[in-house]
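Heads up, the thing below is written out as structure tokens.
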Amino acid sequence: MSPMKILDRLEETLIATLMAAATLLIFVAVVQRFAASTALLYPIASRVDLTWAQELCIFMFIWMAKFGAAYGVRTGIHVGVDVLVRKLEPSRRKAVVLFGLLCGALFTGVVGTMGVRFVYGLSGTDQTTPDLEWPSWIVYLCIPLGSYLMCFRFLQVAWTYWRTGELPHHEAAHVEGVPKADDILESDPV
């Protein structure tokens, strides 16, 4: 498997794992809170301390959002307004799209660099998170990592667009891994 495929899979696995873990943790915390409020189950449920669950879920969603944005750039589902760009003639459109992609790369590169400086400064302190008591720099590490990955994805899309003129495109109605209805009809002799 190529290094790019490994990076793609790692990115997808991280996002899916964080999403599943946060959903499961929220479910367990809600069930525990309900059980603790029930007189019959109070003695058992009150021994389980999940006060840290909300904080951990917030951290997981932040990490998921940072890496999800990079995934969005790679797959073409990141938010973009191109109404005016589509009205341009093809040669000007290509220049404007490339400029936009490079601006995205520059912005996320700057945010990543500022994130590195922030995390480095924070790592020299004893600051911890309120409930989990983790070093704060670990939580904020998602800023440089996610931003640099997003910067890389902008550069990757820009390079492909410059060479081929193709941008990643995502069809909202298509589910990955499921054949499209048109593909099934074309391959199925009637």
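The values are calculated or read from the model by the stated rules, or taken from the named source; none is laboratory data. Because the structure is a prediction, the values reported are computed rather than measured. Here the Cβ is made from the backbone with ideal geometry for all residues, glycine too, and neighbour counts use every protein chain on show. For the accessible areas, the whole protein counts, side chains as well, though only heavy atoms, and no ligand, DNA or RNA atoms are used. Shrake-Rupley method; radii C 1.70, N 1.55, O 1.52, S 1.80 Å.
Overview of values
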| quantity | calculated |
| --- | --- |
| Hey, Val85 within 22 Å of Phe154 (Cα to Cα) and either of a type in the set (Val, Ile, Thr) or surrounded by fewer than 15 Cβ atoms within 10 Å (Cβ to Cβ) (or both) or not | yes |
| Boolean, Leu7 is modelled with pLDDT of 95 or more and either closer than 23 Å to Cys151 by Cα or open to solvent by less than 50 Å² (accessible area, probe 1.4 Å) (or both) | yes |
| Any helices (runs of 4 or more DSSP H) falling wholly within segment 35-147 and containing at least 1 residues that are closer than 24 Å to Glu12 by Cα | 53-75, 90-123, 136-140 |
| Residue pairs meeting the criteria (Cβ under 6 Å; at least 6 apart or on separate chains; first farther than 18 Å from Val79 by Cβ, in segment 104-122; second of a type in the set (A, V, I, L, M) and open to solvent by 20 Å² or more (accessible area, probe 1.4 Å)) | Gly115/Ile143; Val119/Leu141 |
| Members of segment 108-126 found to be within 22 Å of the chain's Cα centre (by Cα) and among the small types (Gly, Ala, Ser), listed by number | Gly109, Gly112, Gly115 |
| Matching entry among His174, His169 (being under 19 Å from Asp8 (Cβ atoms) and at pLDDT below 75) | His174 |
| Ala70 under 25 Å from Trp137 (Cβ atoms), in contact (Cβ under 8 Å) with a residue 12 or more places away in the chain and in contact with a Phe, Trp or Tyr (Cβ under 9 Å, 6 or more places away or on another chain) | yes |
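Per-residue answers, yes or no, for (1) under 24 Å from Arg163 (Cβ atoms); (2) loosely packed, with under 13 Cβ neighbours inside 10 Å:
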{"position": "Ile62", "(1), (2)": "no, no"}
{"position": "Lys66", "(1), (2)": "no, no"}
{"position": "Thr75", "(1), (2)": "yes, no"}
{"position": "Ala95", "(1), (2)": "yes, yes"}
